[in-house]
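Undergrad: Let me begin by handing over the structure; questions about it come next.
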Amino acid sequence: MFELYWLLLLLAGAAGWYLAYIIYRSKPKPKIPGEYLKGLNYLLDEQPDKAIEVFIELVDVDTETVETYLILGNMFRRRGEVDRAIRIHQNLIARPALGPSYKSTALLELAKDYLKAGLLDRAESLFTEVIKIGLQADEAYPLLLGLYEQEKEWNRAIDTAMELEKASDVSMSQTIAHYYCELSELEFASQADHPAAARKMAKKALSHDKNCARANVLLGNYAMHEKDYRAAIRHYCSVSKQHPEYLPEIFLELREAFLQQDNREGFRQFLLKTSDSKLSGIFLSTLLTDLSDNDAERNEVHQLLLQKPKLSLLEINAFLKNLHLQDKSLGELNADKIQASIESFVNRSSSHQCRQCGFHGKRLYWQCPSCHYWGTVIPVVPGLD
């Protein structure tokens, strides 16, 4: 009985295999067009122009090979051969039999070609068309925003970002706030004597992102320009509460505003509150270098530095630079050499870093030049982990 069971199982398996074989043999096998092989031979022989001609003509023969042409166009664009990529994508779009999904993809790829070629108007038009179709809008929106950023078309960027926010679950509030800050800076540059419009744009930035430190930096700067020191202190202190990492950027201006208000004690209290922060090394060393020998704050800053459990190279550099020994000695000579070595290192080190991609620079960029994220570049303390 057991042997019969295995025999029947074997027969069933053989019958199944034979049936599958018959079905497979009865199916028509896809034929590779001779022209397709001809095009591949041209590519192998490093004759891409002739290969393009063959592949373009082949679209009429078999529209199922559209993916091949999209890949080929992308390959040419990545290699910098934008003209060839444009030609392939244009011919794809011209095919009446092309389905909506493939047409949208081809339009998007052609827009990327135009963007890389610097034909921004054409790229903008195609990105807008892709967004209207709606099939690749999630990819087209960021590219269109990047185009407007490149052209510094901040009003269009704001409108597009708002559209993206409505069409998706992605919050664009921080990015929109930076766009309004860009408009604010442009307004101030053109009408510095009447910064009302600039202030209005900065306040709009805060209406979209209440934690936009950049907007308060700008409002503080405008208040300093108008000698409204009380307002400047308010805005600068808001920066320290929103994003204390940007405090080194406005520290000296904040001190000046306190001094203009004849409020040294207020600045002293502010200094005591922030002396334990990781970035205090930047403004303590800056302040120590900025103070004159007769300034009463000098000794207080020295004491704050000595009370810290760990000093950054920036703080050590400022401390040694302002260390005055009573007599010339070998110890003083060594201190001078140490200070000179540290200062050389600090001057070569980057003072700002992007939290998103790690980009290093010597100044603050509100938009990272490398990854193009907004508000990710912050001051860093050289020699402090």
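The values are calculated or read from the model by the stated rules, or taken from the named source; none is laboratory data. This structure is a prediction, so every number in the text was calculated from the model and none was measured. Backbone-built Cβ (ideal geometry, glycine too); neighbour counts: all protein chains shown. In case anyone asks, the SASA skips ligands and DNA or RNA and just uses the protein heavy atoms, side chains included. Shrake-Rupley method; radii C 1.70, N 1.55, O 1.52, S 1.80 Å.
Undergrad: Condition (residue is modelled with pLDDT of 70 or more and open to solvent by 60 Å² or more (accessible area, probe 1.4 Å)) applied to the range 326-342: is it met by at least one residue?
TA: No, the range 326-342 has no match at all.
Undergrad: Quick check: anything in the range 205-227 outside any helix (DSSP H, G or I) and over 30 Å from Tyr148 (Cβ atoms)?
TA: yes
Undergrad: Continuing with this model, one more query. Against the condition part of a helix (DSSP H, G or I), surrounded by fewer than 20 Cβ atoms within 10 Å (Cβ to Cβ), touching a residue at least 12 places away in the same chain (Cβ under 8 Å) and under 29 Å from the mean Cα position of the chain (by Cα), how does Glu249 come out, does it pass? First the steps, then the outcome.
TA: On the way: part of a helix (DSSP H, G or I): yes; surrounded by fewer than 20 Cβ atoms within 10 Å (Cβ to Cβ): no; touching a residue at least 12 places away in the same chain (Cβ under 8 Å): yes; under 29 Å from the mean Cα position of the chain (by Cα): yes.
No; evaluated as a whole, the condition is false for this residue.
Undergrad: Only residues in the range 169-182 that are more than 20 Å from Asp138 (Cβ to Cβ) and among the hydrophobic types (A, V, I, L, M, F, W, C) count as the first member; pair them with residues that are open to solvent by less than 20 Å² (accessible area, probe 1.4 Å) and not in a helix (DSSP H, G or I), Cβ under 6 angstrom, at least 6 apart or cross-chain, and list the lot.
TA: Ala177/Cys212
Undergrad: Is it the case that the range 130-139 has a residue that's over 30 Å from Ala257 (Cβ atoms) and crowded, with 21+ Cβ neighbours inside 10 Å?
TA: Yes, the conditions are met somewhere in the range 130-139.
Undergrad: Take Ala167 and tell me if it is small (Gly, Ala, Ser), modelled with pLDDT under 90 and open to solvent by 30 Å² or more (accessible area, probe 1.4 Å).
TA: So Ala167 fits the description; yes.
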